[in-house]
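The values are calculated or read from the model by the stated rules, or taken from the named source; none is laboratory data. Bear in mind the structure is a predicted one, so any value in this text is a computation, not a measurement. Neighbour counts run over all protein chains shown; Cβ positions are idealised from the backbone, glycine included.
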Amino acid sequence: MKHLLSLNNLNSNEIQDLLKLSEKLKRQTKEGVQHHLLKGKTLGMIFSKSSTRTRVSFEVGMYQLGGYSLFLSSNDIQLGRGESIFDTANVLSRYIDGIMIRTFNQSDVEDLAKYGTIPVINGLTDEMHPCQILADLLTIYEHKGKLEGLKLAYIGDGNNVAHSLLHGCAKTGMDISIASPKGYECDSRYVDEAKEAAKSIGSKVVLTQDPVEAISKADVVYADTWISMGQEDQKEEKLNIFMPYQINSQLFAKAKEDAIFLHCLPAYRGYEVTEDIIDGAQSVIFDEAENRLHAQKAVMATLMG
């Protein structure tokens, strides 16, 4: 494991190893044990998209690992003014020990890894969100005691979160069922990759336009915003299309009685999920948000340690 660009690039054992290390580092943090595995190391954090959870969790994570994080917005570096990724990757490789990038194009992340000589972590692109899904898998394991054999239902836009969930579930033995409106389905490339991975493990990948079919007997119910960053001009159109996919008490009742609710945040209460669900007893969204910190520490320690 040289980089974290997509969960599809990792095998099942590598994902399980990251989750085990995440669990260990979280336990040590709670016990007050220091784990300065990256003492003297520096992570450069490139942000072309703003963030709450990604920035704070990576900065705090590097601090807890004994290292240093360097915030680089697109206005702070020449990459945002037309310098080539080739040049940026080579220069940063001479200064720092790893790069986390949160940006638009998946190809930019892959090119940084291709041309640089240091580990690259995908903090989010329009196509992938692997760090989020590692945190999700850790959260599910904490609440369910296992991953293999569980069913996760994702209801909503076939976006970057859905794509990485496809990879993460397929490679850990979880069944995944995704319900999206016509025209907003997951990219077929990532569906095919997930189905290929699931085939060797025995898990199931189901795509449907029917939210009731997707959520039926689910152990985990997952929602994400319908209006992603940069899509604000589509708000009214998407609200009309997606409202039948809202996670409310009527739809949530179709899942298993002990189902848990996940949302990667930020959430828009009253749109993709109602307040009684996201603030209810079965919601674990803040455990999920916290686990970004611990999962990402495991990634950084594995790649940069």
Looking at region 25-72, which of its residues are under 23 Å from Ala89 (Cβ atoms) and either of a type in the set (S, T, N, Q) or assigned to a helix (DSSP H, G or I) (or both)? Thr42, Ser48, Ser50, Ser51, Thr54, Arg55, Phe58, Glu59, Gly61, Met62, Ser69
For Ser188, all conditions in the list (1) within 27 Å of Leu251 (Cα to Cα); (2) crowded, with 22+ Cβ neighbours inside 10 Å hold save one; what is the number of the exception? (2)
Top-ranked residue of region 1-41 - restricted to ones that are closer than 17 Å to Leu293 by Cα and acidic (Asp, Glu), ranked as surrounded by the fewest Cβ atoms within 10 Å (Cβ to Cβ): Glu31
Restricting the search to region 98-140, which residues are crowded, with 24+ Cβ neighbours inside 10 Å and of a type in the set (Asp, Glu)? Asp136
Quick check on Tyr154: is it buried (at least 21 other Cβ atoms within 10 Å of the Cβ), touching a residue at least 60 places away in the same chain (Cβ under 8 Å), more than 20 Å from Ala255 (Cα to Cα) and among the hydroxyl-bearing types (Ser, Thr, Tyr)? no
Check Lys195, Lys182 and return the single one that is free of Cβ contacts under 8 Å to residues at least 40 places away in the same chain and under 20 Å from the mean Cα position of the chain (by Cα). Lys195
When Ser203 is run through (1) closer than 17 Å to Ala259 by Cβ; (2) polar (S, T, N, Q); (3) assigned to a loop (DSSP other than H, G, I, E, B), the failure sits at (1)
Based on what the data block shows, is Gln250 assigned to a helix (DSSP H, G or I), among the polar types (S, T, N, Q) and touching a strand residue (DSSP E or B) at 6+ places or on another chain (Cβ under 9 Å)? no
Would you mind stating whether Lys217 is at pLDDT below 95, of a type in the set (Lys, Arg) and out of contact with any Gly (no Cβ under 7 Å at 6 or more places or on another chain)? no
So which pairs qualify, if the first residue must be in region 244-257 and in contact (Cβ under 8 Å) with a residue 60 or more places away in the chain and small (Gly, Ala, Ser), the second must be crowded, with 20+ Cβ neighbours inside 10 Å and not in a loop (DSSP other than H, G, I, E, B), the Cβ gap must be under 7 Å, and the two must be at least 6 apart or on different chains? Ala255/Ala153; Ala255/Ile215; Ala255/Val221
Among the residues in region 272-287, are any within 30 Å of His35 (Cα to Cα), acidic (Asp, Glu) and either in the same structural domain as Ser180 (by TED's automatic domain parsing) or touching a Ser or Thr at 6+ places or on another chain (Cβ under 8 Å) (or both)? yes
Of the conditions (1) acidic (Asp, Glu); (2) touching a helix residue (DSSP H, G or I) at 6+ places or on another chain (Cβ under 8 Å); (3) under 25 Å from Leu38 (Cα atoms), Glu110 satisfies every one except a single condition; which number is it? (2)
Are any of the residues in region 211-223 closer than 30 Å to Leu18 by Cβ, basic (Lys, Arg) and surrounded by 23 or more Cβ atoms within 10 Å (Cβ to Cβ)? no
Identify, from the list Lys151, Lys144, Lys182, the residue that is more than 18 Å from Asn9 (Cβ to Cβ) and in contact with a Ser or Thr (Cβ under 9 Å, 6 or more places away or on another chain). Lys151
State all residues of region 33-62 that are of a type in the set (Gly, Ala, Ser) and modelled with pLDDT of 95 or more; if no residue qualifies, say none. Gly40, Gly44, Ser57, Gly61
Does Ser93 count as farther than 23 Å from Leu265 by Cβ and surrounded by fewer than 21 Cβ atoms within 10 Å (Cβ to Cβ)? yes
Within region 107-121, residues being assigned to a helix (DSSP H, G or I) and polar (S, T, N, Q) number 1
Would you mind stating whether Leu207 is buried (at least 22 other Cβ atoms within 10 Å of the Cβ), in contact (Cβ under 8 Å) with a residue 12 or more places away in the chain and either acidic (Asp, Glu) or within 19 Å of Ala218 (Cβ to Cβ) (or both)? no
